[in-house]
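A short write-up of the structure that comes next.
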Amino acid sequence: MSVMQIPGHDHQRPREVALEEIRALMGDCQLCPLGATRTNLVFGVGNPHARVMFVGEGPGRNEDLQGEPFVGAAGKKLDSLLACAGLTRDEIYIANVIKCRPPSNRNPKSEEITACSPFLREQIRSIWPDVIVCLGNFASQFVLHTDAGVTTLRGRLHQAGHFVVAPTFHPAACIYHSDWQPLLEEDLRMVGRWLEEHPAEGPAQ
Ligand code: URA
């Protein structure tokens with residue numbers, strides 16, 4: 001069951017499960033064939049109390065080797081984009097829809113997403129961010145339960161249960177589509193404005 005879109009549900013924060021517990025549950029995950037070809041399972045990294053969670057697609061080569069999301073070329077892009085939202089890496093949490101690298105960086109298969117996505121769902125429940133920034137089609141479609149593409153979804157904030165969702169282009173896609181870069185920056189500035197207009201409740205973490 002998804003916590004992200006339950007009509008009529010009050011979307012109270014669920015019992016908090018620590019990220020370490022979720023990671024421990026995954027263990028040496030072999031729920032899909034990517035378990036056999038990965039170097040490292042790339043669980044996620046960042047502030048467990050983040051107001052903003054970024055969700056990417058899946059690990060690339062560098063992420064697979066280092067065991068951390070967004071450390072390669074897409075990571076460098078992401079770092080420079082965070083400033084548009086007034087954010088730094090230590091304020092956010094980053095995870096992917098699938099935790100293991102698909103061979104040759106092919107797109108994730110639907111059965112891989114089905115096997116892996118319950119862990120992302122648990123990570124989202126654990127962090128309980130205010131805003132989820134979805135990088136690219138796979139993340140946007142998973143979080144928003146839609147088949148629509150990011151080109152039509154981006155440019156505005158969506159609500160999915162408790163969460164404000166900002167679908168936008170994947171930073172790696174902007175390496176090939178440089179005309180998308182200003183749109184991605186615009187989307188992140190929109191997130192920055194939302195955060196300013198909705199200051200965090202309680203003490204800063
Ligand atoms: N692209 C992604 O979607 N995730 C990563 O971790 C790296 C590149």
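Pairs meeting the criteria (first residue in the stretch 55-71 and more than 12 Å from Leu41 (Cβ to Cβ), second residue among the acidic types (Asp, Glu) and near the ligand (Cβ under 6 Å from one of its atoms), beta carbons under 8 Å, at least 6 apart or on different chains) are Phe70/Glu63; Val71/Glu63. So, in the stretch 60-91, of the ones that are closer than 18 Å to Asp187 by Cα and of a type in the set (Gly, Ala, Ser), which residue ends up farthest from the ligand (Cβ to nearest atom)? Looking at the filtered set, the residue picked out is Gly86.
Matching residues to (1) of a type outside the set (D, E, K, R); (2) at pLDDT 95 or above; (3) closer than 26 Å to Lys99 by Cα:
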residue: Trp128; (1), (2), (3): yes, yes, yes
residue: Leu135; (1), (2), (3): yes, yes, yes
residue: Thr146; (1), (2), (3): yes, yes, yes
residue: His158; (1), (2), (3): yes, yes, yes
residue: Ala172; (1), (2), (3): yes, no, yes
residue: Pro182; (1), (2), (3): yes, yes, no
residue: Glu196; (1), (2), (3): no, yes, no
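In the stretch 1-27, the residues that are at pLDDT 95 or above form Cβ pairs under 8 Å with partners that are surrounded by 14 or more Cβ atoms within 10 Å (Cβ to Cβ) and among the small types (Gly, Ala, Ser), at six or more places apart or across chains, as follows: Ala18/Ser126; Leu19/Gly44; Leu19/Ser126; Ile22/Ser126.
The values are calculated or read from the model by the stated rules, or taken from the named source; none is laboratory data. These numbers come from a predicted model, not from an experiment. Cβ sites come from the backbone with ideal geometry, for glycine too, and all protein chains shown count toward neighbours.
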